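Reading through the structure tokens given below for one structure.
Every number in this text was worked out from the coordinates using simple rules, so none of it is lab data. If you're wondering where the values come from, they're calculated on a predicted model, not measured in any experiment. Here Cβ is always computed from backbone atoms with ideal geometry, including for glycine, and neighbour counts include all displayed protein chains.
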Number of protein chains: 2
Amino acid sequence: MRNRIREYRARYGLTQAELARLVGVRRETIVFLEKGRYSPSLRLACRIAKVFGTTVDELFLLQEGC
Amino acid sequence: MRNRIREYRARYGLTQAELARLVGVRRETIVFLEKGRYSPSLRLACRIAKVFGTTVDELFLLQEGC
DNA sequence: TTCGGATGTTATGTTTGTATAACATTGTGT
DNA sequence: ACACAATGTTATACAAACATAACATCCGAA
């Protein structure tokens, strides 16, 4: 499942470690999400979208499919 | 995490079993989601929103928090 | 060029979402 | 009251998300 985490993270000037800390997960988890190794729980997806002031649907391109 | 699955399901006149079949999970999973026993994966959340022609953010009231 | 921060990887363990089956309860039409 | 569909529950097992630690690579500044 594709997403725009890296793009938004760059826009906000955050490192993976900083984002991880902000949403309460490990940095490796952010790496795996950005690399598409697995898709997040809805809870985590929501926390990340909140940090970036956007919606889950927008951040994870849900109109492209699930 | 609150959601409007039951409300949308009623609006579409679907049983829990029918919705479960449409999104490829067991009926018990739908029961647990409606009852709030756990929150879904983003993948499942997206499939359910798709069936109801709405967004994940709207269906799971994500503006209320994660 | 070298050093350090940022990013990527791999292995192993824990937690949580989901499957499965069996049974209980509620509700509704007849 | 009865039958049956819909909904709810519980126990056990499995898969996927996430934690943790250790190490590897990449890249920009001094």
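Brief remarks on what is shown
- Distance histogram in 10 Å bins (all Cα pairs of the protein assembly as shown, percent per bin): 12, 44, 30, 12, 2
- In chain B, a dipole from Cβ-located charges (positive for Lys and Arg, negative for Asp and Glu) runs towards its positive end, and of B:C66, B:P40, B:A20 it is B:A20 whose Cα lies farthest in that direction.
- The calculated 222 nm mean residue ellipticity attributable to helices in chain A amounts to -15000 deg cm²/dmol, summing -39500 (n - 2.57) over DSSP H runs of n ≥ 4 and dividing by all residues.
- Computed 3J(HN,Hα) for the range B:18-35, one whole-Hz value per residue from the Karplus formula 6.51 cos²θ - 1.76 cosθ + 1.60 where θ = phi - 60°, is 5, 4, 4, 4, 4, 9, x, 10, 7, 4, 4, 4, 4, 4, 4, 5, 4, 7, glycine and proline marked x.
- Among the residues of B:54-66, the average count of other protein chain beta-carbon atoms within 10 Å of the residue beta-carbon is 5.
- Separation of chain B and the range A:11-35, taken as the distance between their Cα centroids, equals 27 angstrom.
- Derived scalar couplings ³J(HN,Hα) [the range A:55-60; Karplus, 6.51 cos²θ - 1.76 cosθ + 1.60; whole Hz; x for Gly, Pro]: 9, 4, 4, 6, 5, 10
- Convex hull volume per residue in cubic angstrom - Cα atoms of chain A: 73 Å³
- Estimated dipole of chain B in Debye, rounded to 20 [Cβ of Lys and Arg +1, of Asp and Glu -1, Cα centre]: 240 debye
- Put a plus charge on the Cβ of each Lys and Arg, a minus charge on the Cβ of each Asp and Glu, and nothing anywhere else: the dipole of the protein assembly as shown about its Cα centre is then about 360 debye.
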